[in-house]
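The values are calculated or read from the model by the stated rules, or taken from the named source; none is laboratory data. Here the structure is a predicted model, which is why all the values come from computation and not from measurement. Neighbour counts run over all protein chains shown; Cβ positions are idealised from the backbone, glycine included.
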């Protein structure tokens, strides 16, 4: 028995029509930027008001609780709290990688939000899959290396561990 002729056949990718750019979701880019900014401000105000070292409302690190080893993110909330209160040295002691990465992340977010605000559309992502994989692997390697170094014994590595 032969297959019906109404079934679709395989089509080459270059023969497909281009995907139109449409606004994502029911909110436009400007409303998404405002909503995201308000959410970040509310979360920051919460962290500013509620000390992570004194209140159990924040989630605990599963890796640290299970093994006693600090992950790359241990101390990041306390570091953010310290930064919000102007204590940069305490923040660096809690998580130096978070403090170093925060300005870079904020700059990239602000640059993308500014471009989206001006064009009233989110910029098209042009990174190739290989570049994304290489960047992700590099970031993963950095996080694993930081985790290993901050858990090494000795006084030379004590400054990488969060304050008790």
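Some points to look at:
- Residue 101 satisfies every condition listed in (1) exposed (fewer than 11 other Cβ atoms within 10 Å of the Cβ); (2) closer than 20 Å to residue 139 by Cα; (3) at pLDDT 95 or above except (1).
- Exactly one residue among 110, 76 is surrounded by fewer than 14 Cβ atoms within 10 Å (Cβ to Cβ) and either on the phi < 0 side of the Ramachandran plot or out of contact with any strand residue (DSSP E or B) (no Cβ under 7 Å at 6 or more places or on another chain) (or both), and that residue is 110.
- Check on residue 121, loosely packed, with under 10 Cβ neighbours inside 10 Å and modelled with pLDDT under 90: no
- Residue match in the range 76-91 (condition: assigned to a helix (DSSP H, G or I) and out of contact with any helix residue (DSSP H, G or I) (no Cβ under 7 Å at 6 or more places or on another chain)): yes
- Residue within the range 95-106 that is out of contact with any helix residue (DSSP H, G or I) (no Cβ under 6 Å at 6 or more places or on another chain) and over 30 Å from residue 30 (Cα atoms) present: yes
- Residue in the range 147-162 that is under 30 Å from residue 34 (Cα atoms), in a loop (DSSP other than H, G, I, E, B) and without any contact (Cβ under 8 Å) to a residue 40 or more places away in the chain present: no
- Flag if residue 135 is within 17 Å of the chain's Cα centre (by Cα), without any contact (Cβ under 8 Å) to a residue 24 or more places away in the chain and over 23 Å from residue 160 (Cβ atoms): yes
- Any hit, the range 118-129, residues being assigned to a helix (DSSP H, G or I) and farther than 30 Å from residue 29 by Cα: no
- Filter result for residue 58 (assigned to a helix (DSSP H, G or I) and over 30 Å from residue 30 (Cα atoms)): no
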